[in-house]
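Below: one structure, written as structure tokens.
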Amino acid sequence: MTIHLTFLCVPGGDATRDPLLGDTPLSERSLRMAAAAGPALPPHRLAVRAPSIRCSQIADALGLVAVSEPALRDLDLGRWCGRTVDDIAAAEPDGFTSWLTDPDAAPHGGESVRQLCRRTADWLSTVAPETGHTVAITEAAVIRAALIHALAAPARAFWHLAVPPLSAVSLTRQGGCWDIRLASGTPREGQRWLLSRSSGAGTSAAGHLGGWKRSNSSRETIFAAARRL
């Protein structure tokens, strides 16, 4: 039996890209872009979404009746929620660095990266093959955690996985292994690809790594150090 999942990444709330952490309503521009991304989604029998404002907005923009799934909620950032990344990096540099380099660290009092990875892996284990193709609208952090599980990668690789806004990543499980494929698009110059563990004939899969641009700010040195670990 085969499990087919397509994750669609919502814009916003990603520490590698966005200045403000936490759940916030999306702009009209983001919603228009989301609606335009709809035709790229594969046919599916079920749609689920994280229980956030922005995931609900994206589902509506796509015209999807998506079931709210608590297990797909974003990484719990505790007291950091609603603060800017630059503010956190400046006010709590040691805590911020530990968060980016130690998957067991939770200096914000919320959820560690490893806890998120375990939660996501637990949800993946509940997806039944007979469910059919499922579309999951969720956060970049959750998609990173799903890739960590599918690739059997260490949790320390979490921040090395770039998941662009409105990108679609397909996971297929067959014969005990996961294959990973970007639903559309090709890598731009400077991007790297990480192959899945599956080596079955006729399959190809990739996890998208690196190659994204960020503004020059006080947190750049911290992110660069984290990626070298």
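The values are calculated or read from the model by the stated rules, or taken from the named source; none is laboratory data. Not measured: the values here are computed from a predicted model. Neighbour counts run over all protein chains shown; Cβ positions are idealised from the backbone, glycine included. Heads up: the accessible areas ignore ligands, DNA and RNA and are worked out on the full protein's heavy atoms, side chains in. Shrake-Rupley method; radii C 1.70, N 1.55, O 1.52, S 1.80 Å.
Structure values in brief
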quantity	calculated
Near pairs, Cβ below 9 angstrom, 6+ apart or cross-chain, from the range 71-90 (under 11 Å from GLU111 (Cα atoms)) to any residue that is among the polar types (S, T, N, Q)	ASP74/SER52; ASP74/THR138; LEU75/SER112; LEU75/GLN115; ASP76/GLN115
Residue check, ARG114 crowded, with 19+ Cβ neighbours inside 10 Å, of a type outside the set (Phe, Trp, Tyr) and within 11 Å of the chain's Cα centre (by Cα)	no
In the range 17-55, the residues that are of a type in the set (A, V, I, L, M, F, W, C), at pLDDT 85 or above and assigned to a helix (DSSP H, G or I)	LEU31, MET33, ALA34, ALA35, ALA36, ILE53, CYS55
Residue in the range 153-169 that is part of a loop (DSSP other than H, G, I, E, B), at pLDDT 95 or above and open to solvent by 20 Å² or more (accessible area, probe 1.4 Å) present	yes
Complete set of residues in the range 84-126 that are more than 26 Å from HIS149 (Cβ to Cβ) and in contact with a helix residue (DSSP H, G or I) (Cβ under 6 Å, 6 or more places away or on another chain)	ILE88, ALA89
Some residue of the range 137-148 being of a type outside the set (Asp, Glu), surrounded by fewer than 22 Cβ atoms within 10 Å (Cβ to Cβ) and either in contact (Cβ under 8 Å) with a residue 60 or more places away in the chain or assigned to a helix (DSSP H, G or I) (or both)	no
Residues within the range 149-174 that are without any contact (Cβ under 8 Å) to a residue 60 or more places away in the chain and either touching a Ser or Thr at 6+ places or on another chain (Cβ under 8 Å) or of a type in the set (D, E, K, R) (or both), tallied	3
Residues satisfying the stated conditions in the range 64-83, i.e. part of a loop (DSSP other than H, G, I, E, B) and either in contact with a helix residue (DSSP H, G or I) (Cβ under 6 Å, 6 or more places away or on another chain) or open to solvent by less than 60 Å² (accessible area, probe 1.4 Å) (or both)	LEU64, ALA66, GLU69, ASP74, LEU75, LEU77, GLY82, ARG83
Tally, over the range 1-45, of residues that are open to solvent by less than 40 Å² (accessible area, probe 1.4 Å), hydroxyl-bearing (Ser, Thr, Tyr) and within 18 Å of the chain's Cα centre (by Cα)	3
Flag if HIS133 is within 13 Å of THR6 (Cα to Cα) and open to solvent by 30 Å² or more (accessible area, probe 1.4 Å)	yes
Verdict on ALA61 being among the aliphatic types (A, V, I, L, M), open to solvent by 30 Å² or more (accessible area, probe 1.4 Å) and either assigned to a helix (DSSP H, G or I) or touching a His at 6+ places or on another chain (Cβ under 6 Å) (or both)	yes
